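Engineer: First the structure, which I've put down as structure tokens, then a few questions once you've had a look.
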Amino acid sequence: MLRKLPTKYFTYCICLLPFAFCLFTSFFSPTYQIARLKYNGGGDWYVSPTALPNLIRFCNKNLGTNFNEEENVVEVGSKDIFNFPFIHMTGHGNVAFSTLEAENLRNYLISGGFLNINDSYGMNIFIRREMKKVFPELDFVELPFNHPIYHQSYDFPNGLPKIHEHDGKPPQGFGLIYNGRLVCFFNFECDIGDGWEDPEVHHDPDEKRQQALKMGANLIQYVFMGENIKK
């Protein structure tokens, strides 16, 4: 897990992540943890407990990363959020950020952190409402299919894979872009997080699970490497 750092040093550390990532994963035991975001409002922030551990194992095996497989949980308003370069948020239904929580999340994101939001179903209106508290000046924009997030180690020329049917609409990937940097990615009508879960949970075909895990690996790789690595 990252050592606790004052917020003012976080941007500097994030800038060094690609170098540090390669160095640390080569010589040391697991150095980073990915955290799940705990939020208020009644939504089930804790859903899909096998998702992140499976994604981490997939990345460690296929990308050569060295993440700690233990999932950590961090609250929106906690200073501990600054310990994690990548925060995962999921659930069904309502989300509610207090003023202080929205401010803390904003500071985390503009300091170099990244928030991945998986809509398990029914989060859309609440996510858009609450993220407006975090970035009143920003709107979610749909990322084009040529965005680097879809073209890391795995190619997704048509954008997000469709993992669960939900309302039968095409999957969409939305982003919040602050000063030219993607700070938040929100998948809608896709549910890649459920595709990361153990096969017996949703009984998804292996092909769907592989698509979900590969797209998740692209997210991880994009956040830590910061650009399209394909030649």
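Only the coordinates and a few stated rules stand behind these numbers; no lab work does. Model, not experiment: these values are computed from the prediction. Cβ sites come from the backbone with ideal geometry, for glycine too, and all protein chains shown count toward neighbours.
Engineer: Which percentage, to the nearest 5, of the DSSP beta bridges contained in region 7-225 is antiparallel? Walk me through the intermediate numbers first.
Structural biologist: Values: 11 of 28 bridges.
Antiparallel bridges make up about 40 percent of those DSSP assigns within region 7-225.
Engineer: What is the distance, in nm, between label points placed 7 Å from the Cα along the Cα-to-Cβ direction at residue 103 and at residue 210?
Structural biologist: Result: 5.0 nm between the two label points.
Engineer: What's the center-to-center distance, using Cα atoms, between region 163-224 and region 47-93 in Å?
Structural biologist: 14 Å
Engineer: Considering the Cα positions of region 100-231, please state its Rg to one decimal place and its Dmax as a whole number of Å.
Structural biologist: In Å, with Rg to one decimal and Dmax whole: 14.8, 43.
Engineer: Which order, highest average first, do 154-163, 191-200 follow once you tally other Cβ atoms within 10 Å for each residue and take the mean per peptide?
Structural biologist: Packing proxy ranking, top to bottom: 191-200, 154-163.
Engineer: Rounded to the nearest 0.05, what FRET efficiency do residue 79 and residue 40 have when you use their Cβ-Cβ distance and R0 = 25 Å? Working shown, then result.
Structural biologist: Details: r = 17 Å, r/R0 = 0.69.
E(calc), rounded to 0.05, equals 0.90.
Engineer: Give me the compactness ratio for region 7-225, meaning the Cα radius of gyration over 2.2 N^0.38 Å. The partial results should precede the final answer.
Structural biologist: Details: Rg = 16.1 Å, N = 219, 2.2 N^0.38 = 17.1 Å.
Normalised Cα radius of gyration, region 7-225: 0.95.
Engineer: Between residue 133 and residue 68, what is the FRET efficiency for a Förster distance of 35 Å, r being their Cβ-Cβ separation, to the nearest 0.05?
Structural biologist: 0.70
Engineer: Related question: Would you mind calculating the relative contact order of region 7-225 from Cα pairs under 8 angstrom and at least 6 residues apart, reporting the percent as a whole number?
Structural biologist: Over region 7-225, the number comes to 22 percent.
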